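The values are calculated or read from the model by the stated rules, or taken from the named source; none is laboratory data. If you're wondering where the values come from, they're calculated on a predicted model, not measured in any experiment. Here the Cβ positions follow ideal geometry from the backbone for every residue, glycine too, while neighbour counts run over all protein chains shown. Calculation scope for accessible area: heavy atoms of the full protein, side chains included, ligands and nucleic acids excluded. Shrake-Rupley method; radii C 1.70, N 1.55, O 1.52, S 1.80 Å.
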Amino acid sequence: MIVVTGATGGLGGATVEHLLKRVPADRIAVSVRDARKARHLADRGVRVRQGSYEEPNALRDSFAGAEQVLVVSGNDLAADMISLHRNAVEAAVEAGVQRIVYTSQQGAVPGNPYRPSEFHIATEAVLAESGVAWTALRNGAYGPLDQVLGHWQPTGEIVQPEDGPVPYTDRDDIAEAIAVLLAGDRAFDGPVDLTAPEAVTFDDLAGIASDLTGRTIKRVVVDDEQWVADHVANGVPEPTARLILSWHQAGRAGYFAETGPLLAELLGREPRSAADRLAAHLAA
């Protein structure tokens with residue numbers, strides 16, 4: 001049996017959908033904070049269990065009988081994510097799980113200025129000490145490109161701080177690849193990268209957007225502090241703006257530049273490129 005946490009969220013939910021295409025529903029269970037939100041999965045034969053990272057005992061019960069558990073990383077930076085992830089790992093160990101698969105982040109290495117890297121690095125260390133086989137999927141950035149690029153469509157400008165090459169990756173491609181791993185016979189030990197095959201910059205994306213729209217889309221580089229001030233003036237809390245800025249700083253320092261072939265290998269096709277995703281966004 002495979003247990004998926006976070007199955008009412010974006011990545012976890014998409015992973016379950018892809019698993020349902022590959023294995024019988026009775027081999028899939030989900031561990032969710034609110035079972036009512038997973039009724040659509042229960043109706044299709046998926047076992048729905050209540051469990052959250054804040055409740056180790058319930059979490060252990062929700063992992064009972066599982067051969068593999070997918071631990072989808074939390075994203076509440078106000079919480080102690082390291083302790084919460086440790087709860088999940090320890091519950092899986094106590095439940096007798098044979099392999100833990102964790103959704104980490106590309107560039108989860110010491111020195112990365114992007115703050116979430118810290119709890120991903122720490123969680124990978126917890127996994128390494130667990131005594132159980134584990135895989136950390138260091139996923140490429142899969143946020144919506146329109147959020148990454150800002151208000152470029154009405155303004156004709158991509159106005160962001162200095163950046164670096166990033167393999168912007170489609171979330172559904174990652175979810176499908178995770179399902180392939182969980183449902184198949186192929187296993188990986190330790191951290192592996194799941195990224196789109198090409199890393200691109202905002203200059204590249206401006207060129208792609210220009211080609212797709214027939215307009216000239218300009219890339220405008222803004223000073224870091226001015227970018228933060230502008231976002232705060234537009235109602236973004238300063239800590240949030242600085243968190244996003246740290247992601248740009250990590251990109252320009254090269255922490256997200258590397259790409260790998262594994263995502264394509266698991267999918268059996270080329271993953272969606274940034275150009276594919278931008279074209280789909282425009283068509284929608």
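The table below lists the values:
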| read-out | value |
| --- | --- |
| The chain, helix-only ellipticity at 222 nm - DSSP H runs n ≥ 4, -39,500 (n - 2.57), divided by all residues, nearest 500 | -12500 deg cm²/dmol |
| Charge tally in the Cβ shell below 10 Å around Thr259, where Lys, Arg are +1 and Asp, Glu are -1, Thr259 excluded | -3 |
| Distance from the stretch 260-281 to the stretch 178-253 (C-alpha centre basis), Å | 16 Å |
| Surface share of carbon and sulfur [accessible, 1.4 angstrom probe, percent] for the stretch 115-272 | 48 percent |
| The stretch 30-85 - Kirkwood radius from inverse mean 1/r over Cα pairs (Å) | 12.2 Å |
| Per residue solvent-accessible surface (Å²) - the chain, probe of 1.4 Å | 45 Å² |
| From phi via Karplus (6.51, -1.76, 1.60), per-residue ³J(HN,Hα) for the stretch 35-42 in Hz, x at Gly/Pro | 4, 5, 6, 9, 4, 5, 7, 4 |
| Amide H contacts under 5 Å for Trp134, placed H, 5+ residues apart | Ile100, Gly190 |
| Helix 224-233 axis, angle to the chain major axis (alpha carbon atoms, nearest 10°) | 80 degrees |
| Entry for Cα extents along the principal axes in Å (calculated from the structure that is shown) out of (i) 75, 47, 38; (ii) 56, 35, 34; (iii) 64, 52, 27 | (ii) |
| For Arg86, net neighbour charge (Lys/Arg +1, Asp/Glu -1) across residues whose Cβ lies under 11 Å away | -3 |
| Listed peptides 15-21, 187-193 by packing density, highest first (mean Cβ within 10 Å) | 15-21, 187-193 |
| The stretch 134-284 - convex hull of the alpha-carbon atoms, volume per residue in Å³ | 125 Å³ |
| For the chain, with +1 on Lys and Arg beta carbons and -1 on Asp and Glu, the positive-most of Ala92, Ala78, Gly45 along the dipole | Gly45 |
| Hull volume in cubic angstrom per residue (convex hull over the Cα atoms of the stretch 1-103) | 85 Å³ |
| Between 0 and 90°, nearest 10: helix 116-128 axis offset from the chain longest Cα axis | 30 degrees |
| Net charge contributed by nearby residues that have their C-beta within less than 11 Å of Asp203 (K/R +1, D/E -1) | -1 |
